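What follows is one structure encoded as structure tokens, with my remarks underneath.
The values are calculated or read from the model by the stated rules, or taken from the named source; none is laboratory data. Just so it is clear, the structure is predicted and the values come from calculations on it, not from any experiment. So basically every Cβ, Gly included, is an ideal-geometry build from the backbone, and we count neighbours across all protein chains shown.
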Amino acid sequence: MRMIIQSRLIVFSDYECGQQLQEHQKCCRQSGRNDGMSIKGIYDIHCHIVPGVDDGATDIGETVKLLRMEYEQGVRTVIATPHFRFRMFETPAEKVREQFRLVEKAASEISPDLHVYLGCEFHANMEMLPMLREQKVMTMAGSRYVLTEFSHNSEESYIRERLSALLSGGYKPIMAHIERYEATRNSPDFVEELADMGVYMQINADSITGKDGFFTKRYCNRVMKQDLLHFVGSDCHNSTKRISRIGEAYRVVTAKFGQDYADELFIRNPERILEKKK
């Protein structure tokens, strides 16, 4: 496998999510997390659970619902990754940190073994390095890893240049949801080129399970067969439409590629992010 280069229960009686909750509970059963399997908690390194800072959770109540979903899916460690994108999501870092403290409190009240860290989904721009150095944008849990997003139609040359800049600056870019970009979707060779440069690849759980369509699922399977994937994230935004199905994705990967490979993507590789915190 292409490994990463050296990642008090409160019961809310009024918690209801209708059909989405039923689907979510079904996913939990399918994931094997509630059937007695002795597996360490999985990681979610891409989610939008910090309230009121982007297009994710709108308030702390929604954050709690998402955290409970994550926990029931088998997640025990979360790196929250609110968006930063010029002219769209520009919440100041101090405000993000302030709101994240609410997430930490909520997680501790759900369970003492639910751990949350702060990161960012950083949309690529020409000011990335100074913004990271000045801590205007967060790295992943204070490490050197940076979850990096592009526009769906970004050209290969721009993607290559921006990721090269991060690598040259001493950062470890994780390319967010590579299945969404024309450049990576249309050219497996480009994905391999980026991986050989030292870029890590992340795919969304719904893309693996088929929720985002047959062709997207087929693409994800191809990436995994070529051993080019490093991380899976839920990319959950809310408790109604964009929920966490990361446990279901773990089950799908286990069934198709084996538990050892699933543990690599969902546990061991994410653990290295936390090991590399500086």
Condition check: part of a helix (DSSP H, G or I), under 13 Å from the mean Cα position of the chain (by Cα) and not charged (D, E, K, R). Does Ser207 satisfy that? yes
What are the residue pairs meeting all of these: first residue in segment 146-166, first residue more than 22 Å from Leu118 (Cβ to Cβ), second residue part of a loop (DSSP other than H, G, I, E, B) and among the β-branched types (Val, Ile, Thr), Cβ atoms under 6 Å, and 6 or more apart or on different chains? Leu163/Val199
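Could you say which residue among Gly18, Gly52, Gly32, Gly36 is at pLDDT below 50, over 15 Å from the mean Cα position of the chain (by Cα), small (Gly, Ala, Ser) and surrounded by 14 or more Cβ atoms within 10 Å (Cβ to Cβ)? So that I can check it myself, show each step before the final result.
Numbers: Gly18 fails: surrounded by 14 or more Cβ atoms within 10 Å (Cβ to Cβ); Gly52 fails: at pLDDT below 50; Gly36 fails: surrounded by 14 or more Cβ atoms within 10 Å (Cβ to Cβ).
When all the criteria are applied, what remains is Gly32.
Which of the residues belonging to segment 225-278 are part of a loop (DSSP other than H, G, I, E, B) and of a type in the set (A, V, I, L, M)? Steps first, please.
Step one: list which residues in segment 225-278 are part of a loop (DSSP other than H, G, I, E, B), which gives 226-230, 234-235, 237-245, 258, 276-278.
Leu228, Leu229, Ile243, listed by residue number.
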Go through (1) over 30 Å from Ala165 (Cα atoms); (2) crowded, with 24+ Cβ neighbours inside 10 Å; (3) polar (S, T, N, Q) and name the single condition Thr240 misses. (2)
Restricting to segment 124-136, name every residue that is surrounded by 14 or more Cβ atoms within 10 Å (Cβ to Cβ) and not in a loop (DSSP other than H, G, I, E, B). Met128, Leu129, Met131, Leu132
In segment 66-99, anything part of a helix (DSSP H, G or I) and over 20 Å from Ile45 (Cβ atoms) is listed as Glu94, Lys95, Glu98
Among the residues of segment 100-123, are any touching a strand residue (DSSP E or B) at 6+ places or on another chain (Cβ under 8 Å), at pLDDT 95 or above, farther than 21 Å from Ala262 by Cβ and in a loop (DSSP other than H, G, I, E, B)? yes
Which numbered condition Asn221 fails, given (1) buried (at least 19 other Cβ atoms within 10 Å of the Cβ); (2) part of a helix (DSSP H, G or I): (1)
Search result, residues across segment 72-95 that are over 22 Å from Phe122 (Cα atoms) and over 15 Å from the mean Cα position of the chain (by Cα): Glu72
Scan of segment 75-91 for residues that are more than 30 Å from Leu129 (Cβ to Cβ) and either modelled with pLDDT under 95 or buried (at least 24 other Cβ atoms within 10 Å of the Cβ) (or both), ordered by number: Val75
Checked against (1) at pLDDT 95 or above; (2) out of contact with any Ser or Thr (no Cβ under 7 Å at 6 or more places or on another chain), Lys241 satisfies every condition except (1)
